[in-house]
Every structure is written in structure tokens, then in C-alpha cells.
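Chemist: Have a look at this one.
The values are calculated or read from the model by the stated rules, or taken from the named source; none is laboratory data. Just so we're clear, the structure is a prediction, and the values are computed from it rather than from any experiment. Note: ideal-geometry Cβ built from the backbone for every residue, glycine included; neighbour counts use all protein chains shown.
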Amino acid sequence: MKRKQFISSIVPLAATLSAFAHGKTNLNIQNPTAIPPYLKPGDMVGICCPAGYITEAEIKPALLKLNEWGFTTRVGSTVGKKDFTYGGTDDERLQDLQQMLDDKNIKAILFARGGYGAVRIIDRVDFKKFKRNPKWVIGFSDATVFHSHINENYRVATIHSKMCNSFPDDWSKAEAMQKETIESINLCLKGEKMKYLFSPNEKNRTGLATGELVGGNLKTLESLAGSRTNIHTTDKILFVEDTGEYLYSIDRMFWNLKRSGKLEKLKGLIIGGFKIKPDDAGEAFGKTIEEIVLEKVSEYDYPVCFDFPVGHQKNNYALKCGVIHTLGVHLNECRLTEER
Amino acid sequence: MIKIPPYLKKGNCIGITCPAGYMAAQKAQACINMLQNWGFEVMVGKTLGSKSKNYFSGTDAQRRDEMQAMLDDENIHAILCGRGGYGVGRIIDELDFTKFKKNPKWVIGFSDVTVLHAHLFKNVKVASLHAPMASAFNDGENEYIQSLQHAITGKKSTYSCKPHVYNKTGNVIAQLVGGNLSLLAHLTGTADDIDTKNKILFIEDIGEQIYNVDRMMYQLNRSGKLKNLAGLIVGGFTDMEDTERPFGKKVYAVIKDTIAQYNYPVCFNFPVSHKKENVALKIGIEYRLKISKTNTQLLEV
């Protein structure tokens, strides 16, 4: 039932749903990612802070909800720790995360929040045990470092979603969108085949494409270019989102994607939410997000959609990175569907 | 081997173009007057004081065509960018350097022009000048403006600055590369990503969040650009911003900590910046970097 609500409420036009069908797609995907075991009731979710600082009180709503979903929780030593902006020193954050990656009893790791800090420890994280016994790593924004690093180096699927700091204090007073997006984490963790329906934007480029879903925060993706965490996007569906950036800076970041070869061989491009920092007085950039994106991809012919519900915003649904999805961008509806 | 453009003589012509942000014509007037005082002809492109109503000094095509024309015109002996801002990255892949490579000339600027410097160094293999642009001349003539005059006329430069507590001493000779940190980070992974191995790298930036400087330093390091340097010159990191929860480090401490594991000479507070303190530096040319406990010197070899 939850799932039905989840779908129907994000469909603005509920009438005509099957414009295309999804049978088994004959995909010859080389080197597919490993899918960590989905969670069962009683499984344990660990919470830690690889980046910014959070108080114990701030993660309470998330703990309650995880328990309600039937999971037990382990609160890491970095929750409540503070080293300026960080949830503990580099060593402390590394150690907490490492312990959770290695502990077989922990089936998923939900980051408490983003901020900045993952890249400071990523090269010291040991993924050997994780690679043998993969588990779900969950977060977004600064956690894009983990999504890229794990996809690129260990070929394990991860979950791009809201973190503890987005769980509402009072569930009963939360708006429907907020509840659904958080419930989508539960659906992902329990192995639901995910499906997202969203409104078309008139600037969308229509088409149908199937490929591995990768992406995350645009600024973070740019900052990983040239490193061993750099994501390769050939034959993949890429999604990006960002917040608090000037339009010129967003333009520059899309040039980085393009000039580092990340837009050329995509199967599809998904543009999530972009919270734009207003131009300074007298410095109007003169281009919209849609124009910025479309001019970069004009020589390619894959589908492109805008306003996908992912980003630093309420409508930020959980997405399985590294998992094959089909993106259908049509004039009257758009959908992203997980393939099995 | 990198080609060194001919130095300028009296009567040579300097072209002024704006490949990025908009610039009002009067803001370049002091610069034009000074260049003429120095004995040069000045040719001003239409992108300076253009009719553009938005951020840029003209459309991509206008900025590109004007830069291309100045690169190709044999009667223009150097190109001074009016200002930076943002925009070079939008046209760089459409510029044709074939003629320029045969008849190289000095390309002058900094900040967003770092893209052009990196491209010239990496792909065209011609030296260029990281130096004050037109608006810097509005402060009147000073040693930094003069350093540009010296550089374009072929006088070998010697720069010195005071010691800094984070400096690491040493004495090396190597090719100089560098520019604005944000742009160097942004170019990582692209065709203009510079190889810094055995080079002296200089960096400067303005108006960045301290955490973002940390992230960019991590990017340089993780993409292998800090490991095998001959030396590092840290210029001004001015107008830095901090997060609501303080980052807990000053910007120079951030930089110092990222390179703590390396032993090459490093100096801080070198006069290359978005402020007045901005000496002309020839990218691609060999310099001697001498850092002692009492003094830092950068000497053109």
C-alpha cells in the first residue's frame, strides 16, 4: 500500500501510465555492480558522520523511523562528536566508518548528514571486507564521494538519498512529500523495484534509454575529476543536482563534465534540483539551467530530463546508484524504472 | 620545448579583448593611456565596452571571434585580457592556435585566463604571462604594473617577498606553471589539465569558502598534482569566507596541511593575487625559487 501511495502521489497525471512497457531487457552489461543484500526485519543499520557534525538529538527522529521499519540501529562514535565543522577529527571519522564497514552485523550504513569531509578520509578507508561482504551505503551531497568511489573502484551498488538530518521531528506533522521521500529509503533497503514518475519539463529531450544509474552532487563530481574516485559515465544514466551555486559556476561545472568526457557517451541525463545563488547586481548570467545543460549536450541525442525529484530539497527520493534503470522521457510523462 | 613569444619593442601593438566578463570602456582607459606611455600602440576590441546586457562581454561567438582575430593578426604583438570573471572555458575548445603557434605572441591575464594559460602551456606549448589586467591600472603605476612592462619587454624579473612561518626552505630551478586554484581544479580531467611534475606551481584565489579551498587542494593532491612538484608558491588567498560553523583553520593552514608530507620548497604570501600585489609571471619559463629563513626570491633564469 505504501508503495502505491508513493507512486500515485508523485504522478501528476495518473491516467495514462503505460506508454511503454518494461519486459526483461536483454542487456549485456559488462562488470555489473554487486547488489548488497536487501534488509530484513531485525537487520541493523549503522549511523555515522564521515563529514559534518550532528548532535545525538538530531538523529533521534531517524532512529525512531528505522526502528519502525523493523531495523535495529547502531549509533557510531562520531554522532555527537565535534571538531569544528566535522563530526570528529579525520581519524575519528575514518575509524567509525571503518568499523561499520567491517562489522558483519551492520547491513547498511546511513550517514547522519553531509557537509564536507568525505574526501579527506576516502583514501584511507579499507574496502576489502566491504567488497567481500557488501552492504548498503546511504547518503548524498558530500557522500557523492562514496557513491563514486565505491562504484568506480569496488563495483558495489549504493543508495543516494536523504540522511538523518532530513527526517522530520514530528512525523505526524510532516508533509506528504517529505514522508514519501523518506519512505523511499525503506523501499530501497527492502528490495522494492523502484519506479519514479515525474512531471515533464517542456525543455526535456525525449527518448528512452537503459543503463546503469550514477551521479550525485555536481560540485562534488567535479572535485573528484582526475582522481581515482573519478566516475566513468560511458553507457550510463547520469543524474546531477546542486545547491547554492551561481549560474556561472554551474555552467563551468557542466563544462568540466563535458570536457572531461562525461557527457559524450551517456545513455541519458537526469537533471535534479538546482538551488541557484542569485546573480550579483549587474552580472545577470543570462542563461537558465535548461539552456546551460542543453547547449552542452546539443551534439548528442540521448534523452535529457529536468526537474527530477533529487537534490537538496524536500522532493529528494532514494535512488540506487550502480543499478540498471530505464529512463523514459516523453512529452506527457517521465519515468525512471529500476531494471531487474 | 616551449616557445617563447618575441618580446615587445616600442611601437609594437597590444590588443585588448575581454574573453570573459563584461567590462565598461572607461575602466580600461587608464590601462590604454599607460600602455601608450610605455610606447606601444593599442588596439581595442569590440568586446570592451560592448552592448552586452548580461554577464559576458559579448556572446560566445563574439568573444571567440575577437580572440581568434587577435591571435591571428600579425600586427598585434601581445594580447592583454581586459578582465577575467568567467567565460574563457566556454570558448577555449573553439579557438584555433595554428597560426598563433607559428607566430606566437604574449597572452596576458590571470584569474579566468588561467584556462588560456593552461591550454597554451599544455596544448600549444607557448609561454604566456600571468599578470595584472586592464582594471589593475586604475590604481596608478606601481611595482606590479611595472613588472608587466618589464616582462613584456624582456627584462628578466627578480621578485622577493618576506618569509612566512609556514615556508619550507630550498633552492630549485624549474619551469613555472599555475594560476587560479579554482580554475586549476576545474580543469582537472580535461584536455587542459596541466602536468605539474618537476615544476614550480603557483596558486592564488579569491572569495572562496575555506572548506572549498581544502577540497580543491585535495583534488590537486588526489589527481597527482602536488606529489612531484619542484616547488610551490602560494599567493594571496584573499576575501576568504567561512562556514557558519567555523572550519577551524585559516586558509594558509589548510594549504600547509595538504602538502605536509612533501619536502619541496614552499613559500606563502607571494605577491600573486587578486589584489594589488600581483607580479607578472611567465608561465612555461624556468625560474629559480630560493626560499631561505630570511627571504624568498623568484628569479627568472
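Chemist: Restricting to region A:86-109, count the residues that are part of a loop (DSSP other than H, G, I, E, B) and either buried (at least 22 other Cβ atoms within 10 Å of the Cβ) or not assigned by TED's automatic domain parsing to the domain that holds residue A:59 (or both).
Modeler: 2
Chemist: Checking the condition more than 14 Å from chain B (Cβ to nearest Cβ), under 23 Å from residue A:108 (Cβ atoms) and either crowded, with 21+ Cβ neighbours inside 10 Å or hydroxyl-bearing (Ser, Thr, Tyr) (or both), which residue from A:184, A:199 passes?
Modeler: When all the criteria are applied, what remains is A:184.
Chemist: Moving on to the next point. Mind listing whichever residues of region B:121-135 are farther than 25 Å from residue B:276 by Cα and buried (at least 24 other Cβ atoms within 10 Å of the Cβ)?
Modeler: Matches in region B:121-135: B:121 only.
Chemist: Would you mind finding the one in B:178, B:235 that is away from chain A (no Cβ under 14 Å), crowded, with 22+ Cβ neighbours inside 10 Å and in contact with a Leu (Cβ under 6 Å, 6 or more places away or on another chain)?
Modeler: Sole residue among the options that is away from chain A (no Cβ under 14 Å), crowded, with 22+ Cβ neighbours inside 10 Å and in contact with a Leu (Cβ under 6 Å, 6 or more places away or on another chain): B:178.
Quick grid of which residues meet (1) modelled with pLDDT under 95; (2) touching a strand residue (DSSP E or B) at 6+ places or on another chain (Cβ under 7 Å); (3) within 21 Å of residue A:194 (Cα to Cα):
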{"residue": "A:14", "(1), (2), (3)": "yes, no, yes"}
{"residue": "A:18", "(1), (2), (3)": "yes, no, yes"}
{"residue": "A:22", "(1), (2), (3)": "yes, yes, yes"}
{"residue": "A:31", "(1), (2), (3)": "yes, no, no"}
{"residue": "A:44", "(1), (2), (3)": "no, yes, no"}
{"residue": "A:52", "(1), (2), (3)": "no, yes, no"}
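Chemist: Would you please name the residue that is surrounded by the most Cβ atoms within 10 Å (Cβ to Cβ), looking only at residues in region B:261-300 that are within 12 Å of the chain's Cα centre (by Cα) and part of a strand (DSSP E or B)?
Modeler: So the residue we want is B:281.
Chemist: Moving on to the next point. Please state which of the following conditions residue B:99 fails to meet, knowing it meets all the rest: (1) over 22 Å from the mean Cα position of the chain (by Cα); (2) more than 25 Å from residue A:256 (Cβ to Cβ); (3) in contact (Cβ under 8 Å) with a residue 24 or more places away in the chain; (4) assigned to a loop (DSSP other than H, G, I, E, B).
Modeler: Result: residue B:99 passes all but (4).
Chemist: Also, I was wondering about something else. Tell me which of these residue A:65 doesn't satisfy, since it passes every other one: (1) of a type in the set (Lys, Arg); (2) in contact with a helix residue (DSSP H, G or I) (Cβ under 9 Å, 6 or more places away or on another chain); (3) within 14 Å of chain B (Cβ to nearest Cβ).
Modeler: Here residue A:65 meets the rest and fails (3).
Chemist: Could you grab the pairs with beta carbons closer than 7 Å, sequence gap of 6+ or different chains, first residue in region A:44-69 and in contact (Cβ under 8 Å) with a residue 12 or more places away in the chain, second one among the polar types (S, T, N, Q) and exposed (fewer than 14 other Cβ atoms within 10 Å of the Cβ)?
Modeler: A:44/A:105
Chemist: Kindly indicate which of B:84, B:58, B:49, B:39 is buried (at least 23 other Cβ atoms within 10 Å of the Cβ), free of Cβ contacts under 8 Å to residues at least 60 places away in the same chain, assigned by TED's automatic domain parsing to the domain that holds residue B:113 and in a loop (DSSP other than H, G, I, E, B).
Modeler: Exactly one residue qualifies, and that residue is B:58.
One line per residue, one yes/no per condition, for (1) without any contact (Cβ under 8 Å) to a residue 12 or more places away in the chain; (2) touching a Phe, Trp or Tyr at 6+ places or on another chain (Cβ under 6 Å); (3) polar (S, T, N, Q):
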{"site": "A:129", "(1), (2), (3)": "no, no, no"}
{"site": "A:133", "(1), (2), (3)": "no, no, yes"}
{"site": "A:142", "(1), (2), (3)": "no, yes, no"}
{"site": "A:150", "(1), (2), (3)": "no, no, no"}
{"site": "A:157", "(1), (2), (3)": "no, no, no"}
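Chemist: Could you count how many residues in region A:259-303 are farther than 25 Å from residue A:328 by Cα and either within 11 Å of chain B (Cβ to nearest Cβ) or among the β-branched types (Val, Ile, Thr) (or both)?
Modeler: Residues flagged as farther than 25 Å from residue A:328 by Cα and either within 11 Å of chain B (Cβ to nearest Cβ) or among the β-branched types (Val, Ile, Thr) (or both) within region A:259-303 amount to 11.
Chemist: Is at least one residue of region A:245-258 surrounded by fewer than 22 Cβ atoms within 10 Å (Cβ to Cβ), facing chain B (nearest Cβ under 10 Å) and among the basic types (Lys, Arg)?
Modeler: Scanning region A:245-258, I find at least one residue that is surrounded by fewer than 22 Cβ atoms within 10 Å (Cβ to Cβ), facing chain B (nearest Cβ under 10 Å) and among the basic types (Lys, Arg), so the answer is yes.
Chemist: Tell me, please, whether a residue that is within 14 Å of chain A (Cβ to nearest Cβ), of a type in the set (D, E, K, R), surrounded by fewer than 18 Cβ atoms within 10 Å (Cβ to Cβ) and outside any strand (DSSP E or B) can be found in region B:198-216.
Modeler: The answer is no, given that none of the residues of region B:198-216 is within 14 Å of chain A (Cβ to nearest Cβ), of a type in the set (D, E, K, R), surrounded by fewer than 18 Cβ atoms within 10 Å (Cβ to Cβ) and outside any strand (DSSP E or B).
Chemist: With respect to residue B:188, is the statement that it is closer than 12 Å to residue A:223 by Cβ, not basic (Lys, Arg) and not assigned by TED's automatic domain parsing to the domain that holds residue B:118 true?
Modeler: yes
Chemist: In region A:48-84, which residues are surrounded by fewer than 16 Cβ atoms within 10 Å (Cβ to Cβ) and part of a helix (DSSP H, G or I)?
Modeler: Within region A:48-84, A:56, A:57, A:60, A:64, A:67, A:68 meet the criteria.
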